[in-house]
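Working notes, beginning with the structure itself.
The values are calculated or read from the model by the stated rules, or taken from the named source; none is laboratory data. Computed from a predicted model, the values in this text were never measured in an experiment. Note: ideal-geometry Cβ built from the backbone for every residue, glycine included; neighbour counts use all protein chains shown. Accessible surface areas use protein heavy atoms only, side chains included; no ligands, DNA or RNA. Shrake-Rupley method; radii C 1.70, N 1.55, O 1.52, S 1.80 Å.
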Amino acid sequence: MEFTFVSGHIALDLAATLTWRTSRPIELLADPSDLAAWIDQAGVAHLSGDIRANDLVRARELREAVYRTASAAVYARRPDPADLALLGRVASGAPVSPVLEGLGEAVWRGDLDQVLATVAHEACVLLGGPGHLRIRACSGTPCTRLFLDHSRAGSRRWCDKLTCGGRVNAVAYRRRRADRSPHRA
């Protein structure tokens, strides 16, 4: 499984592991090996220990708390106190640790609890600070990804210019071409 990291923040990238939430949801963390692959590809840590089915459930619970809380920021709603409590509880755990293997060679290591604590900590920093004002929902239909808008004007509309933005631009282009066509009835 190859994951896409275009949200601009590790917690929002975790939230994106359930795609197309409102139309045809696709669970990208289908089994423990998918979670291990996400952790590796996200660069959170070199994972120590195995991931079990109950660990996957905990990771999904964190993911959904992040998604609901970040969505509350996007749509100016009050976040669910239970989600805030879960984020705070998980974030209070020990984070992943750097291991210096040489000059210019540091790697992050930890078990799943440390990985989840690190992601939850980053979510708390984002959602509890001014960054929450930069969280956006993708305008591409039917995409439900949330992303951090780093644009100067704060007007980014799509999670990824090449996928969602490209689809919207292609549809608009075809519509403009059809409107100019001399063969139009």
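Compute, for Asp113, the solvent-accessible surface of its heavy atoms (probe 1.4 Å) with the complete set of protein chains present, and express it in square angstrom to the nearest 10.
About 80 Å², rounded to the nearest 10.
Report, to two decimal places, the Cα Rg of the range 1-124 normalised by 2.2 N^0.38 Å (N = number of residues).
Here the answer is 1.06, to two decimals.
Under a point-charge model restricted to the Cβ atoms of Lys and Arg (+1) and Asp and Glu (-1), what is the dipole moment magnitude of the range 4-84 relative to its Cα centre, in debye to the nearest 20?
Computed charge dipole of the range 4-84: roughly 380 debye.
So which residue, out of Pro95, Pro79, Pro130, gets the largest mean-square fluctuation from a GNM of the chain using Cα contacts under 10 Å as springs?
Pro130
Just to be sure I understand: with springs between alpha-carbon atoms less than 10 Å apart, which residue in Arg152, Arg78, Arg21 has the highest mean-square fluctuation in the Gaussian network model of the chain?
Arg152
Please name whichever of Leu47, Ile26, Gly93 sits farthest to the positive end of the charge dipole of the range 1-139, dipole taken about the Cα centre and charges placed at Cβ: Lys and Arg +1, Asp and Glu -1.
It is Ile26, whose Cα lies furthest towards the positive end.
Is the shape of the range 99-145 rounded, prolate or oblate, going by the alpha carbon gyration tensor and its root eigenvalues a ≥ b ≥ c, with a/c under 1.5 for rounded and a/b larger than b/c for prolate?
Cα axes put the range 99-145 in the prolate bin.
Using helices alone, I'd like the mean residue ellipticity at 222 nm for the chain: each DSSP H run of four-plus residues gives -39500 (n - 2.57), total over residue count, nearest 500.
Value at 222 nm, helices only: -14000 deg cm²/dmol.
Determine the share of the chain's accessible area contributed by carbon and sulfur atoms, expressed in whole percent, with a 1.4 angstrom probe.
56
Report the antiparallel proportion of the DSSP beta bridges in the chain as a percent, rounded to a multiple of 5.
85
Can you give the FRET efficiency to the nearest 0.05 for Thr22 and Ser97, using r as the Cβ-Cβ distance and R₀ = 30 Å?
Given R0 = 30 Å and the Cβ-Cβ separation, E is 0.20.
Take Arg60 and Asp113, extend 7 Å from each Cα along the Cα→Cβ direction, and tell me the distance between the two endpoints in nm.
2.3
In square angstrom, what is the accessible area per residue of the chain with a 1.4 angstrom probe?
58
Determine the dipole magnitude for the range 34-140: charges of +1 sit on the beta-carbon of Lys and Arg, -1 on that of Asp and Glu, nothing else is charged, the reference point is the Cα centre, and the result goes in debye to the nearest 20.
For the range 34-140, the charge dipole is close to 600 debye.
Please build a GNM for the chain, connecting alpha carbons under 10 Å apart, and tell me which residue among Leu116, Leu103, Leu133 fluctuates the most.
Result: Leu103 has the largest fluctuation of those listed.
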